[in-house]
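Participant: Before I ask anything, here is the structure I am working with.
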Amino acid sequence: MSKKITTIGGQALMEGIMMVGPKRTVAAFCDENGNISTEEITVPRLTKQYPILGKPFIRGIFALIDSFRMGYKALSLSADKITQGDEEEELSGVDKWLNDHLGEKLTGALMAVASVLGVALAVVLFFMLPTVLFNLLQGAVQSNIAGWRSIFEGVIRIALFVGYVAAIGMVPDIKRTFQYHGAEHKTIFCYENDLPLTVENVRKQGRFHPRCGTSFLLLMLLLGIVVGFFIPFSNPFLRTFTKLLCIPVIMNLGYEMQKACARHDNWFTRALVAPGLWMQRLTVKEPDDKMMEAAITAMEAVIPENGEDLIR
């Protein structure tokens with residue numbers, strides 16, 4: 001059986017899945033009656049508009065920005081699909097006045113505030129808290145353990161990340177999204193194994209893919225440990241600020257490493273992707289047939305005719 005490697009990737013949505021090809025990005029949604037509909041996601045990609053941004057060791061962060069932009073639009077569409085046809089709740093009092101006078105402005109403002117608070121919380125938890133905890137530990141043991149700082153902070157960040165993912169995975173709606181994640185991976189594997197895209201063939205495929213976004217996030221956390229060794233500051237604010245400045249470097253390096261792992265299969269690349277594959281046991285679940293149908297529909301819509309999606 002022939003084997004190929006594609007650049008096509010995807011993202012699980014609420015009751016749907018998005019596939020990103022070299023020319024088209026398509027989201028497929030499954031309604032409560034099992035009907036599948038598609039929407040093309042038209043977001044100009046920075047890496048296509050400005051070719052220099054697609055160069056190695058530059059493209060990583062901009063490819064991720066493109067992915068976030070397309071993902072946000074697709075998630076918004078999936079939310080609209082889910083709520084379509086729902087009767088509008090009866091508003092009264094202050095709620096009705098705010099809705100009549102502010103409407104979308106209020107919604108936009110609330111989303112902006114929520115986004116800022118979310119980013120601030122992530123910075124505190126994943127960057128500042130590990131440094132504060134290490135400083136407290138170092139003061140308590142009254143010993144020079146500074147050489148272990150980056151490892152300690154990295155372990156705390158990974159533990160927080162794993163715990164967060166495990167916790168949200170118990171929410172029924174999130175669990176279904178993780179099932180769509182599994183449909184995405186299995187469909188891509190089916191295509192890469194050069195098999196017809198049918199539910200029967202997709203069902204037989206593995207669900208843990210080495211080029212998954214979950215693997216990339218974990219790889220970034222591991223690279224952060226290495227970069228942390230070269231940050232000399234112990235002050236939580238200064239160290240956090242320096243780590244934030246290093247994020248583009250870590251993103252670009254992680255992106256290139258994941259690309260290299262796609263091209264080469266040996267003990268070293270398998271060791272690099274192994275932690276991410278373990279992590280996917282939390283974020284990638286077995287899909288049902290309708291989920292696989294949606295993934296196949298989205299996949300077929302983005303496969304180019306000339307094979308330009310293939311990594312050679």
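Participant: Counting only residues 5 or more places away or on other chains, whose amide H sits under 5 Å from the amide H of Val26 once H atoms are built in the peptide plane?
Facilitator: Amide H neighbours of Val26: Met19, Gly21, Ile41.
Participant: Further, regarding this structure: From the phi of every residue in region 237-244, what ³J(HN,Hα) in whole Hz does the Karplus formula 6.51 cos²θ - 1.76 cosθ + 1.60 yield, where θ is phi - 60° and glycine or proline is x?
Facilitator: Rounded to whole hertz, the list is 6, 5, 5, 4, 4, 5, 4, 4.
Participant: Here is a further query. Test of understanding: what is the full-extension gain from Val226 to Arg203, defined as 0.36 nm times their sequence separation minus their Cα-Cα distance?
Facilitator: 4.4 nm
Participant: Please work out how much accessible surface Phe127 shows to a 1.4 Å probe, ignoring ligands, DNA and RNA, in Å² rounded to 10.
Facilitator: Counting only protein heavy atoms, Phe127 exposes about 40 Å² to solvent.
Participant: What FRET efficiency, computed as 1/(1 + (r/R0)^6) with R0 = 45 Å and r the Cβ-Cβ distance, is obtained for Leu238 and Leu310, rounded to the nearest 0.05?
Facilitator: My answer for the efficiency is 0.45.
Participant: Further, regarding this structure: Please tell me which of these pairs span more than 25 angstrom C-alpha to C-alpha: Lys81/Lys290; Lys243/Lys285; Lys55/Lys186; Lys23/Lys175; Lys48/Lys81?
Facilitator: Lys243/Lys285; Lys55/Lys186; Lys23/Lys175; Lys48/Lys81
Participant: Sticking to Cα atoms, compute the Rg of the chain to one decimal and its Dmax as the biggest Cα-Cα distance, whole number, in Å.
Facilitator: When restricted to the Cα atoms of the chain, Rg and Dmax are 21.6, 66 Å.
Participant: Return the calculated 222 nm mean residue ellipticity for the chain, to the nearest 500 deg cm²/dmol, obtained by summing -39500 (n - 2.57) across DSSP H runs with n ≥ 4 and dividing by the residue count.
Facilitator: The helix-only estimate for the chain comes to -20500 deg cm²/dmol at 222 nm.
Participant: If you average 1/r over all unlike Cα pairs in region 133-180 and invert the result, what Kirkwood radius do you get in angstrom?
Facilitator: Across region 133-180, the inverse of the average 1/r is 12.9 Å.
Participant: May I ask you to evaluate 6.51 cos²θ - 1.76 cosθ + 1.60, the Karplus curve with θ = phi - 60°, for each residue of region 154-161 and list the ³J(HN,Hα) values in order in whole Hz, giving x for glycine and proline?
Facilitator: x, 5, 5, 4, 5, 4, 5, 5
Participant: List every residue whose amide H lies under 5 Å from the amide H of Gly10, counting only residues 5 or more places away in sequence or on a different chain, with H placed 1.01 Å from N in the peptide plane.
Facilitator: Val20
Participant: For a protection proxy built on the mean count of beta-carbon atoms within 10 angstrom, sort 156-165, 278-287 highest first, please.
Facilitator: 278-287, 156-165
Participant: Take the Cα pairs of region 23-82, get the Kirkwood Rh, then feed it into Stokes-Einstein at 10 °C and 1.306 mPa s and tell me D in µm²/s.
Facilitator: Value of D from the Cα-based Kirkwood radius: 124 µm²/s.
Participant: While we're on this one: Where does each of Leu77, Leu238 land when they are ordered by accessible area, with a 1.4 Å probe and the largest first?
Facilitator: Leu238, Leu77
Participant: Measuring from label point to label point, each 7 Å out along Cα→Cβ, what is the Met128 to Ala159 span in nm?
Facilitator: The two pseudo-label positions are separated by 2.0 nm.
The values are calculated or read from the model by the stated rules, or taken from the named source; none is laboratory data. This one's a predicted model, so the numbers in the text were calculated from it and none came from an experiment. Counting neighbours? That spans all protein chains shown, and the Cβs are built from the backbone with ideal geometry, glycine included. Note: accessible area is taken over every heavy atom of the protein model, side chains too, but ligands, DNA and RNA are not part of it. Shrake-Rupley method; radii C 1.70, N 1.55, O 1.52, S 1.80 Å.
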